[in-house]
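Encoded as structure tokens, the structure appears first; notes follow it.
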Amino acid sequence: MACQRGLALITGGCGGLGMAFARKWLQRGGSVRLADMVARDRGEAACKELGGKVEFVSCDVTDKDALRAAFENAPDLALVINNAGVVAHDGADLFENWEAMIRINVDGVVNGTRLALDAFAQHPGEAGASRVVLNVGSMAGLIPTAVMPVYTATKYAVVGFSRAAHVAASKRYDEKLRKNVPTGIRVHALCPSFADTGMVNEKTLAKDPRNKRTVELFGGVLTPDAVAEAAPRRIADFQKKCFR
């Protein structure tokens, strides 16, 4: 497949994994839209740090109108990374911040995927062009993590939703052909173990010895760049030449 360029919209894009995903896409010649709820000066600083074709839009993924606005004026949208997420840090309270985790980690991903699929349908692009939704899950969405049961639940939801959404979005029924045909649209979940971000770092691990033990069981802390390097493997036939 020929190398495709286009816009990547990344939620939670102004730090941690979001910035790493953005750098990876920019290196392949694409453009990036960082959708984040940080202050505008921080968003603009992130754009300046990345360089290249980058723009910032203020967006809280729990605000449906703001998230919808982030998708506007994006006819060349090729990749959506639903990356925004939160986790409770106080291991003593298994239900700390549980409602916010569901709103951001689940509702934000579902709505972001819905808007991505709508945008892809409105701007189908060239024949055979691939478009991808990459939902950032977690190893906690594959292996139950006792110290964070609600976070685990949200990531299980991301994995299950992404698998089902992929089946629903990847083919459509063609009335003329009387059969299902590929749409070029795919939905994937990326499930890294713990990465060095605002959610997991030396400060958060120090709050509870169990946190450190859990991280060690998952193989230690990954760098954001290591996670971003793995992302293209989930979309390997999407831009084979771009990601070599």
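Annotation: of all residues in the range 24-52 being basic (Lys, Arg) and modelled with pLDDT under 95, the one that is farthest from ASN82 (Cα to Cα) is ARG28.
Among residues of the range 202-224 that are among the acidic types (Asp, Glu), those with a beta-carbon under 8 Å from a residue that is at pLDDT below 70 and not in a helix (DSSP H, G or I) at least six positions away or on a different chain give the pairs ASP208/ASP90; ASP208/GLY91; ASP208/ALA92. Cβ-Cβ contacts under 6 Å between residues 6 or more apart (or on different chains), taken from a first residue in the range 60-81 that is touching a residue at least 60 places away in the same chain (Cβ under 8 Å) and of a type in the set (Phe, Trp, Tyr) to a second residue that is open to solvent by less than 50 Å² (accessible area, probe 1.4 Å) and not in a loop (DSSP other than H, G, I, E, B), are listed as PHE71/LEU115; PHE71/ALA119.
Annotation for the range 215-238: at least one member residue is open to solvent by 100 Å² or more (accessible area, probe 1.4 Å), within 18 Å of the chain's Cα centre (by Cα) and at pLDDT below 70. Within the range 154-176, being within 21 Å of ILE104 (Cα to Cα), in contact (Cβ under 8 Å) with a residue 40 or more places away in the chain and not charged (D, E, K, R) holds for THR154, ALA157, VAL158, PHE161, SER162, ALA165. Can you find even one residue in the range 13-23 that is free of Cβ contacts under 8 Å to residues at least 12 places away in the same chain and open to solvent by 10 Å² or more (accessible area, probe 1.4 Å)? Among the residues of the range 13-23, not one is free of Cβ contacts under 8 Å to residues at least 12 places away in the same chain and open to solvent by 10 Å² or more (accessible area, probe 1.4 Å), which makes the answer no.
Remark: PHE243 matches the filter, which requires a residue to be at pLDDT below 70 and touching a Pro at 6+ places or on another chain (Cβ under 6 Å). Please tell me if SER138 is crowded, with 18+ Cβ neighbours inside 10 Å and out of contact with any Lys or Arg (no Cβ under 6 Å at 6 or more places or on another chain). Taking the combined requirement at face value, the residue does not satisfy it.
The values are calculated or read from the model by the stated rules, or taken from the named source; none is laboratory data. This one's a predicted model, so the numbers in the text were calculated from it and none came from an experiment. Quick reminder, even Gly has a Cβ in these numbers, built from the backbone with ideal geometry, and neighbours come from all protein chains shown. For accessibility, only protein heavy atoms count, side chains too; no ligands or nucleic acids. Shrake-Rupley method; radii C 1.70, N 1.55, O 1.52, S 1.80 Å.
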